[in-house]
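Below you'll find the structure, written out as structure tokens, and then a few comments.
The values are calculated or read from the model by the stated rules, or taken from the named source; none is laboratory data. As the structure is a prediction and not an experimental result, all values here were calculated from the model. Positions of Cβ are backbone-derived with ideal geometry, glycine not excepted, and every protein chain shown enters the neighbour counts. Note: accessible area is taken over every heavy atom of the protein model, side chains too, but ligands, DNA and RNA are not part of it. Shrake-Rupley method; radii C 1.70, N 1.55, O 1.52, S 1.80 Å.
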2 protein chains.
Amino acid sequence: MEPVALTEALATFDAVWSPRIVTTVNDYDVRLAKAEGEHVWHVHEDTDEFFLVVTGELTIALREKDGERDVVLPPGSVLTVPRGTWHKPFAAPGTAILLLEPAGTPTTGDAHDPVPDHVDSTTGHAWHP
Amino acid sequence: MEPVALTEALATFDAVWSPRIVTTVNDYDVRLAKAEGEHVWHVHEDTDEFFLVVTGELTIALREKDGERDVVLPPGSVLTVPRGTWHKPFAAPGTAILLLEPAGTPTTGDAHDPVPDHVDSTTGHAWHP
């Protein structure tokens, strides 16, 4: 049981939209991802999803009952996207995010638009220092 | 559903070791706390506890089977303390931490040493922007 320095962990991989599981909390994963460009519209029907912006800037497009809107997250900010809410993250170059969700949650949700090649459809990758 | 800037949230309260619930993820709380000086030896028998250091430096003393040791977390680092592990955080002035644990988890665990006046024994306080 050793602490993980997020900056050091980020230096160990290059792929964007391909989260690494840096630690777990009970049956939840704490996932670290680089982000750049557009993710994909998707929805998690049965779980909320927590975002913390480590570096850069993340925008999350949301489809809500009153329509679509973009929420901008600067570094050091957090947001929980409620279950059942279609969303599409997109990010400036150099963005890194921390995600929290139940282990086994797919990055592209239970339903999604066609997944582009630069988006990794995964339940997160093991990571070790 | 609006993002929370952690620095701005920290500016809204002064108490140390008295977490504010800044968002929730399913039945988990994301709690933000100022930290300074010693917390108290305690144990969560049934849940892991996740720490992320926002500013300052957090040290977590741990009682493990081979004895006691201190783990130092600089800003931008994370650690999960496993369930059943006695631990005592302590912090440099100006430290702020983000915690993740099941809603209802007491800050002083299921068992603890005598709680000093400067430590708030709570399940977290509601927080609104």
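Can you tell me the relative contact order of the stretch B:1-58? Whole percent, Cα pairs under 8 Å, sequence separation 6 or more. Computed over the stretch B:1-58, the figure is 25 percent. Of the trypsin sites (Lys or Arg not before Pro) found in the stretch A:13-79, those that fall in a DSSP loop while having at most 14 other beta-carbon atoms within 10 Å are A:65. Contact order for chain B, expressed relative to its length and based on alpha carbon pairs under 8 Å spaced 6+ residues apart, stands at 34 percent. For the stretch A:1-73, the Cβ-based charge dipole about the Cα centre amounts to some 140 debye (Lys, Arg positive; Asp, Glu negative; other atoms uncharged).
If you take the square roots of the eigenvalues of the alpha-carbon gyration tensor of the stretch B:37-126 and sort them as a ≥ b ≥ c, do you get rounded (a/c under 1.5), prolate (a/b over b/c) or oblate? Rounded shape, in that the Cα axes give a/c under 1.5. Between copies, the label points of residue B:70, set 7 Å from Cα on the Cα→Cβ line, lie 4.7 nm apart, reported in increasing order to one decimal in nanometres. Dipole check for chain B: with +1 at the C-beta of Lys and Arg, -1 at the C-beta of Asp and Glu, and the Cα centre as origin, the magnitude is about 160 Debye.
Considering all C-alpha pairs of the stretch B:73-120, those separated by over 15 Å amount to 55%. Computed over protein heavy atoms with a 1.4 Å probe, the accessible surface of the protein assembly as shown works out to 43 Å² per residue.
Summing charges over neighbours of residue B:55, with a neighbour being any other residue whose Cβ is under 14 Å away from its Cβ, gives -2 when K and R count +1 and D and E count -1. In this simple spin-label model, placing a label point 7 Å from the Cα along the Cα-to-Cβ direction at both residue B:36 and residue B:126 gives a separation of 2.8 nm. Summing charges over neighbours of residue B:107, with a neighbour being any other residue whose Cβ is under 10 Å away from its Cβ, gives -2 when K and R count +1 and D and E count -1.
Under a Gaussian network description of chain A, with springs only between Cα atoms under 10 Å, the residue in A:33, A:96, A:15 that fluctuates furthest is A:15.
May I ask for the distance between the Cα centers of the stretch B:50-95 and the stretch B:104-129, given as a whole number of Å? Between the Cα centres of the stretch B:50-95 and the stretch B:104-129 lies a distance of 16 Å. Taking a sphere under 15 Å around the Cβ of residue A:69 and counting the other residues whose Cβ falls inside, with K and R at +1 and D and E at -1, yields a net charge of -2. Sorted from shortest to longest, the distances between the residue A:126 label points of this copy and the other copies are 4.4 nm, with each point 7 Å from Cα along the line through the beta carbon. Of the solvent-accessible surface of the stretch B:2-56, computed with a 1.4 Å probe and all protein chains present, 46% belongs to carbon and sulfur. The Kirkwood radius of the protein assembly as shown, taken over pairs of alpha-carbon atoms, gives through the Stokes-Einstein law at 20 °C and 1.002 mPa s a diffusion coefficient of 115 µm² s⁻¹.
The value of relative contact order for the stretch B:42-97, using C-alpha pairs under 8 Å at least six residues apart, is 50 percent.
Beta bridges from DSSP with both residues in the stretch B:13-129: antiparallel share about 95 percent, rounded to the nearest 5. For residue A:8, the label point sits 7 Å beyond Cα toward Cβ; its separations from the matching points on the remaining copies run 3.3 nm, from shortest to longest.
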